[in-house]
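What follows is a set of notes on a single structure, which appears directly below.
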Amino acid sequence: MHQMTLAEIARGLADKKFSSEELTKVLLARITQLDPQLNSFISLTEELALEQAKAADVRRANGESGALLGAPIAHKDLFCTQGIRTSCGSKMLDNFKAPYDATVVAKLAAAGAVTLGKTNMDEFAMGSANESSWYGAVKNPWNLEHVPGGSSGGSAAAVAARLLPAATATDTGGSIRQPAAFTNLTGLKPTYGRVSRWGMIAYASSLDQGGPLARTAEDCAILLQGMAGFDQNDSTSIDEPVPDYSASLGDSLQGLRIGVPKEYFSAGLDPRIAELIQNSIKELQKLGAVIKEISLPNMQHAIPAYYVIAPAEASSNLSRFDGVRFGHRCEQPKDLIDLYKRSRGEGFGPEVQRRIMVGAYALSAGYYDAYYLKAQKIRRLVKNDFMAAFNEVDIILGPTTPNPAWKLGAKNSDPVAAYLEDVYTITANLAGLPGLSMPAGFVDGLPVGVQLLAPYFQEGRLLNVAHQYQLNTDWHTRTPTGF
């Protein structure tokens, strides 16, 4: 059962080959047995899962249907879940039980999805390796000595290890696409505003976006269908009709114009990954796609701009965690200032503290114009580059990451080296565009991803291209040894 995709599970449940309760029990037992190797879960919700599975079986018995009805998933531990710990991978929120469900959680529950638990993540989604979690690093099932990527590494590792078929994740600068690339999954960051952020604990509000992580584009289409849609509780949610993402998966790629930015193939890209990307291009050409070289001239400025904007927003968003209202509070504070200092110093880890300090500095008097304002201007230039490119092509293709997954601890002493791994992914967040990573091969036994970017609200086009590619390749079917 654990080898089935979300689509296969939906068909199996519809054909009464097994019940949701039976499947849920199998996967809960598998998580209990195998997750100690991976550390991909922070909380298991066995009681809730079995309750939801039984309810889903009753709904099916009464004639209801739906691709997610009775399907087991997990949520990244920054989606609020009522009555269940929502920690954001931080000591600061270790004792926090959300009083309500995030919109994404509520929508998926209404569709009948079964929540198996909450997955591990970089603390407050800050990281590219899933090593900054207060609950310990997550390990990559393809090689337990390597990182699974971050910040959604727990969701990625759990799905890649076949502990469950799909999971929710979030992407602020590549945190869905990079873990997908590192663990041989398909991961989709939707257009900014397509998926509600209400109840999703914020890192950088203008960049964060929730999305699906699964083994196939078909599964991502199913999960995104349940997640997407307008939400009046979220002021950044866009009131745009949600198409049937599964309906367009079979469309032909004949004549599809694919742009390949020349800036992507610089000295920083591992030549073995470059070769796999070229192989992917050839595969898509066989399916009828037309390849065109394009340019994104301001890409080189994206990383410094991102690492001003994101920490600036984080410093503001995380100011609420002060030891007064909720979250970690230090023991016996001498006064209010001591309460603030020690609660935040004890509750936040080194990476979060680093980004708060950078952000506060960038927003401070005398530096706002020099850093934050300039970064926002670069953001506009990055967006303009994409708009110009999409006048010429339908999608943009390139590597998801410049290198395969690195060893645990290899970049801990040099945070900037880890930041540079986001070079291909952060531009989509700065511009608010949808992006997808899909499996494209292996380097030294570690998975590699190819990234696709599309114009606003063209998630269906990305899923269509990825699905057609996956019908003609088998990278996404490979399973890590031992799982």
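Among the residues of the range 182-235, write down those that are of a type in the set (Phe, Trp, Tyr) and touching a strand residue (DSSP E or B) at 6+ places or on another chain (Cβ under 9 Å).
Across the range 182-235, the qualifying residues are Phe182, Tyr203.
For the range 200-253, how many residues are among the aliphatic types (A, V, I, L, M) and either touching a Lys or Arg at 6+ places or on another chain (Cβ under 9 Å) or part of a strand (DSSP E or B) (or both)?
Count: 8.
Could we say that Thr45 is in contact with a strand residue (DSSP E or B) (Cβ under 9 Å, 6 or more places away or on another chain), under 23 Å from Ala160 (Cα atoms) and open to solvent by 10 Å² or more (accessible area, probe 1.4 Å) here?
yes
Taking the range 132-175, which residues are among the aromatic types (Phe, Trp, Tyr), under 16 Å from Asp77 (Cβ atoms) and in contact with a strand residue (DSSP E or B) (Cβ under 7 Å, 6 or more places away or on another chain)?
Tyr135
Failed condition for Gly460, given (1) more than 25 Å from Leu381 (Cβ to Cβ); (2) open to solvent by 10 Å² or more (accessible area, probe 1.4 Å); (3) part of a loop (DSSP other than H, G, I, E, B), with all others met?
Checking Gly460 against (1) more than 25 Å from Leu381 (Cβ to Cβ); (2) open to solvent by 10 Å² or more (accessible area, probe 1.4 Å); (3) part of a loop (DSSP other than H, G, I, E, B), the one that fails is (3).
Quick check: is even one residue across the range 421-434 open to solvent by 40 Å² or more (accessible area, probe 1.4 Å) and either over 21 Å from Leu213 (Cα atoms) or at pLDDT below 95 (or both)?
no
Kindly evaluate Glu392 against the criterion of being within 18 Å of Met92 (Cβ to Cβ) and charged (D, E, K, R).
No, not satisfied.
Kindly establish whether Val104 is of a type in the set (A, V, I, L, M), buried (at least 24 other Cβ atoms within 10 Å of the Cβ) and touching a Phe, Trp or Tyr at 6+ places or on another chain (Cβ under 6 Å).
Yes: the conditions hold for Val104.
Is it true that some residue in the range 155-163 is of a type outside the set (D, E, K, R), open to solvent by 10 Å² or more (accessible area, probe 1.4 Å) and assigned to a loop (DSSP other than H, G, I, E, B)?
No, every residue in the range 155-163 fails to be of a type outside the set (D, E, K, R), open to solvent by 10 Å² or more (accessible area, probe 1.4 Å) and assigned to a loop (DSSP other than H, G, I, E, B).
Of the residues Gly288, Gly259, which single one is open to solvent by less than 50 Å² (accessible area, probe 1.4 Å) and free of Cβ contacts under 8 Å to residues at least 60 places away in the same chain?
The conditions single out Gly288.
Can you pull out every residue in the range 69-79 that is among the aliphatic types (A, V, I, L, M) and buried (at least 24 other Cβ atoms within 10 Å of the Cβ)?
Selection gives Ala71, Ile73, Ala74, Leu78.
Residues are listed down the side, and each one gets a yes or a no for (1) without any contact (Cβ under 8 Å) to a residue 12 or more places away in the chain; (2) crowded, with 24+ Cβ neighbours inside 10 Å; (3) polar (S, T, N, Q):
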position: Tyr100; (1), (2), (3): no, no, no
position: Ala129; (1), (2), (3): no, yes, no
position: Asn140; (1), (2), (3): no, yes, yes
position: Val147; (1), (2), (3): no, yes, no
position: Gly150; (1), (2), (3): no, yes, no
position: Pro165; (1), (2), (3): no, yes, no
position: Ala169; (1), (2), (3): no, yes, no
position: Thr183; (1), (2), (3): no, yes, yes
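Just to be sure before I move on: is Lys91 within 23 Å of the chain's Cα centre (by Cα), under 29 Å from Ser343 (Cα atoms), open to solvent by 20 Å² or more (accessible area, probe 1.4 Å) and touching a residue at least 40 places away in the same chain (Cβ under 8 Å) in the structure I sent?
Yes; evaluated as a whole, the condition is true for this residue.
Do the conditions hold for Leu269, that is, is it touching a Pro at 6+ places or on another chain (Cβ under 7 Å), of a type in the set (A, V, I, L, M, F, W, C), touching a residue at least 24 places away in the same chain (Cβ under 8 Å) and within 28 Å of Asn384 (Cα to Cα)?
Yes: the conditions hold for Leu269.
Give me a count of the residues in the range 6-38 that are farther than 20 Å from Gln52 by Cβ and of a type in the set (S, T, N, Q).
Counting residues in the range 6-38 that are farther than 20 Å from Gln52 by Cβ and of a type in the set (S, T, N, Q) gives 2.
Please verify whether the range 313-321 includes one or more residues that are aromatic (Phe, Trp, Tyr) and either open to solvent by 30 Å² or more (accessible area, probe 1.4 Å) or over 22 Å from Ser133 (Cα atoms) (or both).
Checked against the condition, which is being aromatic (Phe, Trp, Tyr) and either open to solvent by 30 Å² or more (accessible area, probe 1.4 Å) or over 22 Å from Ser133 (Cα atoms) (or both), the range 313-321 yields no hits at all.
Filter the range 254-277 down to residues that are under 25 Å from the mean Cα position of the chain (by Cα) and not in a loop (DSSP other than H, G, I, E, B), then give me how many there are.
11
If you take the residues in the range 1-42 that are acidic (Asp, Glu) and open to solvent by 30 Å² or more (accessible area, probe 1.4 Å), which one is farthest from the chain's Cα centre (by Cα)?
Taking the candidates together, the pick is Asp15.
Confirm whether Thr86 is open to solvent by less than 40 Å² (accessible area, probe 1.4 Å) and without any contact (Cβ under 8 Å) to a residue 40 or more places away in the chain.
Against the criterion (open to solvent by less than 40 Å² (accessible area, probe 1.4 Å) and without any contact (Cβ under 8 Å) to a residue 40 or more places away in the chain), Thr86 does not qualify.
Tell me whether the range 399-421 contains one or more residues that are within 14 Å of Gly187 (Cα to Cα) and of a type in the set (Gly, Ala, Ser).
The answer is no; no qualifying residue exists.
The values are calculated or read from the model by the stated rules, or taken from the named source; none is laboratory data. Because the structure is a prediction, the values reported are computed rather than measured. Here the Cβ is made from the backbone with ideal geometry for all residues, glycine too, and neighbour counts use every protein chain on show. Keep in mind that these areas ignore ligands, DNA and RNA; they rest on the heavy atoms of the full protein, side chains included. Shrake-Rupley method; radii C 1.70, N 1.55, O 1.52, S 1.80 Å.
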